[in-house]
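Notes for the one structure printed next.
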Amino acid sequence: MTEHPDTTPSPDIAAVAEEAVTLVSELIQIDTTNTGDPDTVVGERAAAEYVAAKLTEVGYEIDYVESGAKDRHNVIARLPGADPTRDALLIHGHLDVVPADASEWSVHPFSGAIRDGYVWGRGAVDMKDMLGMTLALARHYKRNNIMPPRELIFAFLADEEAGGQYGAQWLVTHRPELFEGATEAISEVGGFSLALSEDVRAYLIETAEKGIRWMKLRVRGTAGHGSMINNDNAVTKLAEAVAKLGNHQFPLVLTDSVREFFAGVSELTGLEFPEDDLDGAVAKLGGIARLVGATLRDTATPTMLDAGYKANVIPSVAEATVDCRILPGRMAAFNAELDEILGPDIEREWLELPPVETTFDGALVDAMRTSLLAEDPDAHTLPYMLSGGTDAKAFDKLGIRSFGFCPLRLPPDLDFAALFHGVDERVPVDALKFGTRVLDRFLRSS
């Protein structure tokens, strides 16, 4: 096999980039909607079969794993590296997508339409864009006997959109040997460009993400007739608690990742981030402001209510769902604030995935920077914290250091953050080709 331990363009990379665009479109056309409800979830089987066929076609031996429930499938493949003494690099992505209402879209959300310079559809940026780029490169390396410096583990996973209980979390618990030897990983929501000014373009590398707690609140009261006075109404008590929690602002906390991001932006643009007006300063960042602003403090957002079964019946139980996002190092303080806000009478149960954070340094970060510069000589790289979560939370349990690195050079006027789980989700064709070239250089030099 031929070793390519540098960042020169891979053979026929233009054709590989074209294939990546096609693969992204075809993956979007496979409906993998994850509602989080076992009765309505579509499952990842069809997409996993598609990926498995593309990999075995070029000679990969794969692990095809159903992870704890019917049709929740995962595909894992390994490509040997030139230096077998080095630890492996994990490249992982999720096959599932969130639901989409076709009536709200300009195109059908599962059309995978390629038009106006974009690939359209649910999953275009979350995250079938990276799956397509990764799959195209994996096929290219195998077809052309290209051996990267270190072993690569390609993982196409189920159920990330509902916490990975039938995907990465299940595999880490039940099949950890599939990731044996991996010490570092890359995945979604990082490496995309941000226009800080007309002549300053930064690429944000995800080094941290907030913890997730999907929490159910439950209040019990006295059932009765709706026409009667009832001072123990579960709906009333729940509504008061939900309103109090939803209106609460948690304290401002600057983590290491956020401080380093602000310092980098200040160095590049001169923009200052005074702590007495941090929200105002962040607002000047444009479309990315919502993403960055959500990393300044913990949040607890009520998202669902469930109570009662008839207009004239006061129910004995009322429930609410709250989406909590918690900064690294804040878990104990967050719990103490919840206790104070909700009091002792509100029952709580939850699914929790912890925060993760790593430093913005080392050979892998250097390889990201070098690979970006090779394709965009004006590139600057900055670390940032993701307000959401990824499967990095599962792989953290195996001691795998994770980064978000799905490189995309985006049009400066594109509101990229709004596309995640949004209507008319789409990814620029040129960004996919750019990302494929950058990932190729990165994987052959890291």
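Every number here is computed from the coordinates shown, using simple stated rules; none is lab data. All of these numbers come straight from a predicted model, not from anything done at the bench. Virtual Cβ from ideal backbone geometry, glycine too; neighbours counted across all protein chains shown.
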Report task. Collect residues whose amide H, placed 1.01 Å from N in the peptide plane, falls under 5 Å from the amide H of Arg401; neighbours closer than 5 in sequence don't count. Result -> Glu184, Ala185
**Report entry** Neighbour-count order for His73, His421, fewest beta carbons within 10 angstrom listed first
**Finding:** His421, His73
Report summary line: Cα-Cα pairs in segment 1-160 separated by more than 23 Å, as a whole percent of all pairs, come to 40 percent
**Report entry** Ranking of Thr358, Thr222, Thr32 by count of other Cβ atoms within 10 Å, fewest first
**Finding:** Thr222, Thr358, Thr32
Query - Structure-based [θ]222 nm, the chain - -39500 (n - 2.57) summed over DSSP H runs of at least 4, per residue, nearest 500 - result: -9500 deg cm²/dmol
**Report entry** In the chain, lysine pairs closer than 15 Å at Cα, eight or more apart or cross-chain
**Finding:** 5
Query raised in the report: Okay, which of segment 184-228 sit inside 12 Å, backbone N to the point 7 Å along the Cα-Cβ direction of Lys284?
Result: 197
Query raised in the report: Using Cα atoms only, what is the angle between the long axis of helix 429-443 and the major principal axis of the chain, expressed in degrees (0 to 90) to the nearest 10?
Result: 70 degrees
Report task. Report ³J(HN,Hα) in whole Hz for each residue of segment 242-259, in order, from the Karplus equation J = 6.51 cos²θ - 1.76 cosθ + 1.60 where θ = phi - 60°; Gly and Pro get x. Result -> 5, 5, 5, 5, x, 8, 6, 10, 6, x, 5, 9, 9, 7, 4, 4, 5, 4
Requested in this report: Give me the number: length gained by fully extending Arg348 to Tyr309, i.e. 0.36 nm times residue separation minus the C-alpha to C-alpha distance, one decimal in nm.
Outcome: 11.8 nm
Requested in this report: Can you pull the one-decimal nm distance between simple spin-label points at Glu272 and Asp87, each 7 Å off the Cα toward Cβ?
Outcome: 4.1 nm
Query raised in the report: What full-extension length gain, to one decimal in nm, is calculated for Asp199 and Met228 as 0.36 nm per residue of separation minus the Cα-Cα distance?
Result: 3.7 nm
Requested in this report: Report the full-extension gain for the segment Asn145 to Val317: residue separation times 0.36 nm, less the Cα-Cα distance, to one decimal in nm.
Outcome: 55.7 nm
Query raised in the report: What is the Cα convex hull volume of segment 127-272 when expressed per residue in Å³?
Result: 246 Å³
Query raised in the report: Cα centroids of segment 12-39 and segment 89-136: how far apart, whole angstrom?
Result: 6 Å
Requested in this report: May I ask you to list the trypsin sites (Lys or Arg not before Pro) in segment 267-328 that are in a DSSP loop and have at most 15 other Cβ atoms within 10 Å of their Cβ?
Outcome: Lys284, Lys310
**Report entry** DSSP bridge orientation in the chain - percent antiparallel, rounded to nearest 5
**Finding:** 65 percent
Requested in this report: May I ask you to sort Met304, Met331, Met127 by Cβ crowding, counting other Cβ atoms within 10 Å and putting the fewest first?
Outcome: Met304, Met331, Met127
